[in-house]
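Working notes, structure below.
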Amino acid sequence: MRAATPPPVAATGDHHGLAVVLFAVVVLVTLAITFWAGRRGGNAAEDFYAGGRDFTPLQNGFALSGDYLSAASFLGVAGLIALYGYDGVLYSIGFLVAWLVVLMLVAELVRNAGRYTLADVLALRLRRRKVRAAAGGASVVVTLFYLVAQMVGAGSLVALLLGTNSAQARTWTIVAVGGLMIVYVTIGGMRATTWIQIVKAFLLVAGSVVLTVLLVVRFHGDVAELMRQAAQHSGAGQRYLEPGLKYGKSFTSRLDFFSLGLALVLGTAGLPHILSRFYTVPTARAARRSTMWAIGLVGGFYLMAIALGLGATALIGSAEVRQANSAGNTAVPLLALVLGGGNGSTGGVVLFALISAIAFATILAVVAGLTLASSAAFAHDIWAGAWRGRPRGSRDRRGSRDRRGGRGARGGGAVVPASRRARGEADAWTGTGAEADGAPAVAEQDEVLVARIAAVGIGAVAIVLSLFAQQLNVAFLVGLAFAVAASANLPVLLYSLFWRRFTARGAVWSVYGGLVPAVVLVAFSPVVSGTKVALFPGMDFHWFPLENPGIVSIPLGFLAGWIGTLLSPETADPDRYAELEVRSLTGAGAV
């Protein structure tokens with residue numbers, strides 16, 4: 001069996017209009033969902049941030065997988081496998097294993113302890129404005145990294161669809177995607193975003209199944225032959241099937257791979273848009289069941305992604321994949337073209353258009369979730385929680401019942417100790433209040449309005465950053481987002497949930513101690529300068545040798561939190577930790 005004739009970049013020929021039509025259909029359907037959900041929802045914060053908390057575990061499991069299976073998964077991972085074989089496969093393993101960390105450590109605890117964001121979990125026992133500001137700022141930075149990856153993927157995809165490599169086409173695509181994500185968030189909120197994720201996840205899994213079945217039929221079910229053909233057309237021979245093609249050339253590259261793996265495995269538990277998904281279901285048990293559904297869907301998808309990456313190399317060739325897009329981001333659509341019959345065939349054009357449209361839907365859905373998470377972090381944590389005072393709702397009817405009777409909103413054991421009720425401190429279930437130092441509550445309508453305005457600003461920043469990162473692999477860009485999340489968010493979350501002595505100073509030091517090194521090391525790494533595919537290829541000011549900073553910045557985040565706690569002039573309040581422990585483990589007082 002020989003490789004298929006390499007398709008040119010203008011793969012769709014005279015029939016690219018079909019793909020354009022399908023793209024338009026995707027956009028119209030998602031906009032229809034957005035306006036439908038926007039009419040159903042209200043202006044309350046719970047509707048905008050959590051979709052009313054009435055999604056089932058199955059629905060939320062699809063939405064979780066939809067949030068997680070981004071352009072990095074569908075385009076980037078398969079592209080890396082097509083270019084680097086075994087080393088690319090390890091990307092998918094890291095993404096999948098990360099879900100076990102989420103299931104075991106954070107899913108139920110975060111659902112019980114929080115309200116809308118990561119900072120709510122921290123504020124339950126560390127009630128300081130500076131803690132909210134630090135956590136909210138870190139969440140915005142993480143989501144910006146992730147947004148850039150998705151929008152770069154959109155630019156590559158549409159450029160391929162239109163049969164051009166022009167920077168102008170990619171630029172206008174990025175601007176259009178940015179505009180759409182602003183519409184999704186400002187009009188539909190979490191309810192619309194969730195339904196878009198559910199539809200997108202179904203389409204993505206269905207499209208992957210179709211391609212995988214066609215690929216298996218093409219090779220008559222002989223996986224060994226698929227791997228032999230992939231090695232033969234990779235340009236690297238047997239080394240394609242062995243570790244080291246990308247990360248084994250030197251000690252530095254092997255260290256870089258270890259850093260990447262560490263970031264992928266630990267980063268998921270610190271991703272703001274994943275954590276916020278646990279608040280869209282009514283109970284912690286539903287959050288755990290959602291995670292189990294997501295693990296099944298994500299695991300099945302990555303098995304298919306491995307096959308599709310190998311298939312792209314076997315039927316197209318690594319050189320042709322790299323020619324179409326230097327980072328390999330268009331390997332899956334090109335494979336769809338070949339499996340459908342090749343250039344000029346009706347089947348090839350139709351399948352190419354369908355897979356491209358599904359990939360575009362994937363990007364639209366993920367950027368909506370990311371924009372919502374970042375706007376929520378800004379409005380709820382930075383503006384309402386840290387700058388203006390406390391979000392309204394910390395003293396509603398549930399809170400009053402907790403304060404008077406010491407009972408959780410859902411029943412259960414004592415939540416607010418009598419000593420703290422006597423001091424008049426805020427209700428445990430909200431995680432807000434005492435840090436406000438008597439500041440007036442912020443109206444929910446005002447907070448939601450600020451969140452919508454923030455979505456516009458964050459979208460504009462993401463568009464500008466994406467224009468500079470068009471030559472980078474989207475899976476690699478997501479790896480950077482995971483590194484920042486694992487460095488800034490995961491240490492403070494684990495310390496807050498499990499370390500009794502943890503203090504507010506430790507929390508602030510932990511966030512900045514991981515966030516600042518991660519961002520600085522990326523800025524002075526080969527990602528930004530010093531290589532042909534860097535953000536600034538004509539400059540060289542890098543001094544950090546690794547592309548992924550996780551191996552340095554993640555330990556620094558944990559170390560900074562530990563040192564900050566030891567040097568803190570205050571001691572941890574045992575009552576507040578007791579509240580967090582009871583509520584996170586039992587759900588007593590959970591929203």
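Looking only at residues in segment 304-323 that are open to solvent by 10 Å² or more (accessible area, probe 1.4 Å) and among the small types (Gly, Ala, Ser), which one is modelled with the highest pLDDT? Checked segment 304-323; the qualifying residue modelled with the highest pLDDT is 307. Filtered by the rule that a residue be β-branched (Val, Ile, Thr) and either under 17 Å from residue 99 (Cα atoms) or within 16 Å of the chain's Cα centre (by Cα) (or both), segment 263-289 gives 265, 268, 274.
When you check residue 201 against the structure, is it over 30 Å from residue 454 (Cβ atoms), crowded, with 24+ Cβ neighbours inside 10 Å and not charged (D, E, K, R), yes or no? Don't jump to the end; show me each part of the working.
Working: over 30 Å from residue 454 (Cβ atoms): no; crowded, with 24+ Cβ neighbours inside 10 Å: yes; not charged (D, E, K, R): yes.
Answer is no for this residue.
Screening residue 487 against (1) open to solvent by less than 50 Å² (accessible area, probe 1.4 Å); (2) more than 30 Å from residue 466 (Cα to Cα); (3) part of a helix (DSSP H, G or I) leaves a single unmet condition, (2). Within the span defined as segment 510-519, one or more residues are open to solvent by 10 Å² or more (accessible area, probe 1.4 Å), within 13 Å of residue 564 (Cα to Cα) and either in a loop (DSSP other than H, G, I, E, B) or small (Gly, Ala, Ser) (or both).
Quickly run through segment 231-251 and pick out the residues that are in a helix (DSSP H, G or I) and closer than 18 Å to residue 318 by Cβ. Scanning segment 231-251 gives 231, 232, 237, 238, 239, 240, 241. Among residues of segment 236-262 that are under 20 Å from residue 98 (Cβ atoms), those with a Cβ under 6 angstrom from a residue that is surrounded by fewer than 16 Cβ atoms within 10 Å (Cβ to Cβ), sequence gap 6+ or separate chain, pair up as 247/254.
Identify all residues within segment 84-93 that are open to solvent by less than 10 Å² (accessible area, probe 1.4 Å) and not in a loop (DSSP other than H, G, I, E, B); write none if there are none. Walk me through how you get there before you give the answer.
Of segment 84-93, the ones open to solvent by less than 10 Å² (accessible area, probe 1.4 Å) are 85, 87-88, 91-92.
Of everything in segment 84-93, those that are open to solvent by less than 10 Å² (accessible area, probe 1.4 Å) and not in a loop (DSSP other than H, G, I, E, B) turn out to be 87, 88, 91, 92.
Restricting attention to segment 527-570 and to residues that are part of a loop (DSSP other than H, G, I, E, B) and within 22 Å of residue 489 (Cα to Cα), the residue that is most open to solvent (accessible area, probe 1.4 Å) turns out to be 567. Scanning segment 211-222 for residues that are touching a residue at least 12 places away in the same chain (Cβ under 8 Å) and assigned to a helix (DSSP H, G or I) yields 211, 212, 214, 215, 216, 218.
The residues in segment 326-335 that are crowded, with 23+ Cβ neighbours inside 10 Å and either β-branched (Val, Ile, Thr) or outside any helix (DSSP H, G or I) (or both) can be counted, and the count is 5.
State yes or no: is residue 354 part of a helix (DSSP H, G or I), surrounded by fewer than 24 Cβ atoms within 10 Å (Cβ to Cβ) and at pLDDT 85 or above? Don't jump to the end; show me each part of the working.
Details: part of a helix (DSSP H, G or I): yes; surrounded by fewer than 24 Cβ atoms within 10 Å (Cβ to Cβ): yes; at pLDDT 85 or above: yes.
The answer is yes for residue 354.
Taking the stated definitions as given, is residue 508 in contact with a Lys or Arg (Cβ under 6 Å, 6 or more places away or on another chain) and under 25 Å from residue 259 (Cα atoms)?
Numbers: in contact with a Lys or Arg (Cβ under 6 Å, 6 or more places away or on another chain): yes; under 25 Å from residue 259 (Cα atoms): yes.
Answer is yes for this residue.
If the requirement is being polar (S, T, N, Q) and at pLDDT below 90, which of these qualifies: 565, 571? Walk me through it before giving the result.
On the way: 565 fails: at pLDDT below 90.
Only one candidate passes the filter, namely 571.
Does segment 483-497 contain at least one residue that is over 22 Å from residue 584 (Cα atoms), among the aliphatic types (A, V, I, L, M) and without any contact (Cβ under 8 Å) to a residue 60 or more places away in the chain? No, segment 483-497 contains no residue that is over 22 Å from residue 584 (Cα atoms), among the aliphatic types (A, V, I, L, M) and without any contact (Cβ under 8 Å) to a residue 60 or more places away in the chain.
Quick one: in segment 571-590, which of the residues that are touching a residue at least 60 places away in the same chain (Cβ under 8 Å) and among the charged types (D, E, K, R) is surrounded by the most Cβ atoms within 10 Å (Cβ to Cβ)? So that I can check it myself, show each step before the final result.
Pass one, segment 571-590, residues touching a residue at least 60 places away in the same chain (Cβ under 8 Å): 571-580, 582-590.
Now restrict to residues that are among the charged types (D, E, K, R): 573, 575-576, 579, 583.
Details: 573: 18, 575: 17, 576: 19, 579: 26, 583: 28.
Here the residue is 583.
Taking residues in segment 123-150 that are under 18 Å from residue 494 (Cβ atoms) and open to solvent by less than 20 Å² (accessible area, probe 1.4 Å), and partners anywhere that are of a type in the set (Val, Ile, Thr) and at pLDDT below 85, the pairs with Cβ atoms closer than 7 Å and at least 6 places apart or on different chains are 123/432.
Quick test for you: out of 228, 277, 254, pick the one residue that is crowded, with 17+ Cβ neighbours inside 10 Å, of a type in the set (D, E, K, R) and part of a helix (DSSP H, G or I). Step by step, each of 228, 277, 254 is checked, and only 277 is crowded, with 17+ Cβ neighbours inside 10 Å, of a type in the set (D, E, K, R) and part of a helix (DSSP H, G or I). For segment 112-125, which positions are out of contact with any Lys or Arg (no Cβ under 8 Å at 6 or more places or on another chain) and at pLDDT 85 or above? Correct list: 116, 117, 118, 120, 121.
To keep it simple, each residue is scored yes or no on (1) at pLDDT 85 or above; (2) within 23 Å of residue 188 (Cβ to Cβ); (3) of a type in the set (S, T, N, Q); (4) not in a helix (DSSP H, G or I).
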site	(1), (2), (3), (4)
10	no, no, no, yes
23	no, yes, no, no
65	yes, yes, yes, no
97	no, no, no, no
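Against the test of being within 20 Å of residue 297 (Cβ to Cβ), β-branched (Val, Ile, Thr), open to solvent by 10 Å² or more (accessible area, probe 1.4 Å) and in a helix (DSSP H, G or I), the options 101, 106 yield a single qualifying residue, 101.
The values are calculated or read from the model by the stated rules, or taken from the named source; none is laboratory data. It should be emphasised that the depicted structure is a prediction, and the values quoted were computed from it without experimental measurement. Cβ sites come from the backbone with ideal geometry, for glycine too, and all protein chains shown count toward neighbours. All accessible areas refer to the heavy atoms of the entire protein, side chains included, with ligands and DNA or RNA removed. Shrake-Rupley method; radii C 1.70, N 1.55, O 1.52, S 1.80 Å.
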